[in-house]
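Computed from the coordinates by the stated procedures, all read-outs in this text should not be read as laboratory data. Everything numeric in this text was worked out from a predicted model, so none of it was measured. All Cβ positions, glycine included, derive from the backbone under ideal geometry; neighbour counts span all protein chains shown.
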Amino acid sequence: MLKFTQKNFDMIIKLRPFVRTFLKEASKMYILHVYTLANRSYASLVVNILDPRREYIKGRVISRNDVAQKNRKTLDVIPAPESAILILDDTKEVWRKHERNLIPIEKYHFFSSSCQDFDPDCKSHSEMKSDESETEGALATILKVLEKIHLMFFDDESNGDKLILRRVSETIRKNILKGCKLLFPTNFMTDQETNHRLSEVAMRLGATCSTEYGPSVTHVVAWDFGTRGSRWAVKENKYLVHPDWLKAAYFTWHKHPEENFPVTQLGQLQEYLPYLIEEMFALCVFREVYKLFSQNYGFDKKMKRT
């Protein structure tokens with residue numbers, strides 16, 4: 001860990017394990033740029049820590065001072081065709097116009113303050129007294145993906161379609177869940193919007209999604225046992241997996257064993273207890289309002305007569 005003072009502001013920077021090896025190996029295949037929505041002085045500070053001799057980061061260092069839109073990143077400031085650029089970022093929302101170029105990476109939560117800002121339900125590495133694996137962590141995984149993309153791009157037998165770097169990464173991604181047909185059941189705790197986002201992830205990974213039960217369905221993705229789909233999956237001997245199965249495939253670029261992501265009743269209770277309490281509270285309020293309305297206006301008797 002490194003401690004710095006910048007403009008009377010103290011900060012501690014913890015480097016992600018494997019980061020310098022990642023930069024060294026990736027720079028042999030790609031021109032590396034740094035793009036941050038922080039200010040220019042912070043960007044320069046971090047780059048000097050990561051690569052003080054500028055041996056690996058030989059492209060541009062872009063900060064929020066260089067872009068017009070707040071909280072948005074654009075490839076217009078990179079001197080290269082969009083189809084020849086790959087993006088590695090832990091925040092996909094800032095790349096809405098360039099999601100096809102994005103290789104997502106999980107956020108690195110070493111300090112507890114990071115969890116509070118981005119994922120209140122997670123535990124930081126410092127709290128767990130652990131750290132990300134050098135050999136199996138996020139950067140090591142992504143480096144293998146970049147190596148595979150690079151190899152396919154320069155393969156002599158590649159056809160014309162593969163000569164677009166972005167398309168090579170899409171081809172690899174779409175093979176991750178190829179042959180899987182997923183069903184997303186719903187109940188009052190999982191809305192359509194949530195399932196829509198999950199299905200978009202699944203299709204980007206090469207799976208097909210279904211809204212109908214049938215023999216061709218291979219997986220049911222559910223948060224809990226409280227759905228018809230979950231019970232159907234058990235009865236029909238289909239894979240029943242938690243949505244974290246999709247998340248793991250999305251970030252690691254490979255299909256994980258289904259048995260590692262079971263749907264448990266205990267998990268359902270712990271995860272949805274706040275929603276259950278909210279629903280019960282709303283029901284109790286409705287009953288009290290209905291009772292009060294009936295007493296004052298004879299609503300119940302009118303309903304019975306009609």
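From the backbone phi of the range 145-150, what are the Karplus-calculated ³J(HN,Hα) couplings (6.51 cos²θ - 1.76 cosθ + 1.60, θ = phi - 60°) in whole Hz, Gly and Pro given as x?
5, 5, 5, 5, 4, 4
Quick one: of K97/K174; K148/K238; K3/K123, which pairs are farther than 25 Å apart, Cα to Cα?
Values: K97/K174 20 Å; K148/K238 32 Å; K3/K123 23 Å.
Table pairs above 25 Å Cα-Cα are K148/K238.
If you split all Cα-Cα distances of the range 1-109 into 5 Å bins from zero, what percentages do you get per bin, shortest first?
Going out from 0 Å in 5 Å bins, the range 1-109 shows 2, 10, 19, 24, 23, 14, 5, 1, 0 percent.
Dipole of the range 2-172 (Lys/Arg Cβ +1, Asp/Glu Cβ -1, origin at the Cα centre): which of V47, T141, S124 lies farthest to the positive side?
Going by the Cα projections, it comes out as V47.
What does DSSP give for the range 179-263 in terms of the percent of beta bridges that are antiparallel, rounded to the nearest 5?
On the way: 1 of 9 bridges.
Close to 10 percent.
As a footprinting exposure proxy, order W232, W245 by other Cβ within 10 Å, with the fewest listed first. Intermediate results must be reported in sequence, preceding the final value.
Working: W232 16, W245 23.
Ordered from fewest to most neighbouring Cβ atoms within 10 Å, W232, W245 come out as W232, W245.
Using the count of nearby Cβ atoms within 10 Å as a rough guide to exposure, how do M203, M128 rank from fewest to most? Don't jump to the answer; show the numbers that get you there.
On the way: M203 14, M128 10.
Ordered from fewest to most neighbouring Cβ atoms within 10 Å, M203, M128 come out as M128, M203.
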